[in-house]
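The values are calculated or read from the model by the stated rules, or taken from the named source; none is laboratory data. Keep in mind that this is a model prediction, so the values were computed, not measured. Note that we place each Cβ from the backbone using ideal geometry, even for glycine, and neighbour counts take in every protein chain shown. Surface accessibility is based on the protein's heavy atoms, side chains included, excluding ligands, DNA and RNA. Shrake-Rupley method; radii C 1.70, N 1.55, O 1.52, S 1.80 Å.
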Amino acid sequence: TIMTPHGDYHKELELYVAEAGIAPLDVIRWATLHGAECMGMADELGTIEPGKLADIVILDGDPSQDISVLGHPSNPLGVMKEGRWVVSPPR
């Protein structure tokens, strides 16, 4: 059985917060910054700064306060991939 099928990663992140007591922002760092470092791509991915690929997700809610907003069906409001809008945020 696959523990975390593609597209269900938010469930794993929620478990770290709910069951292990890890702060949501720390879990988000694991999934972004540390994930990029593990792949040897920290110079291209993992943080929002000049010169990086600019993959950004705009959510309806604050995952640093409530990690479950990552899995809400109404999200994302906007998605930027490599600096270009894939899903434009509402105006």
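If you scan the range 40-55, which residues turn out to be surrounded by 14 or more Cβ atoms within 10 Å (Cβ to Cβ) and under 22 Å from residue 16 (Cβ atoms)?
42, 45, 46, 55, listed by residue number.
Please count how many residues of the range 36-66 are touching a residue at least 12 places away in the same chain (Cβ under 8 Å) and not aliphatic (A, V, I, L, M).
Looking only at that region, the number is 9.
Determine whether the range 11-21 contains at least one residue that is open to solvent by less than 80 Å² (accessible area, probe 1.4 Å) and at pLDDT below 90.
Yes, the range 11-21 contains at least one residue that is open to solvent by less than 80 Å² (accessible area, probe 1.4 Å) and at pLDDT below 90.
So in the range 67-82, with the set limited to residues that are in contact (Cβ under 8 Å) with a residue 24 or more places away in the chain and open to solvent by 40 Å² or more (accessible area, probe 1.4 Å), which one is farthest from residue 24 (Cα to Cα)?
82
In this structure, is residue 37 of a type in the set (D, E, K, R) and open to solvent by less than 90 Å² (accessible area, probe 1.4 Å)?
Working: of a type in the set (D, E, K, R): yes; open to solvent by less than 90 Å² (accessible area, probe 1.4 Å): no.
No, not satisfied.
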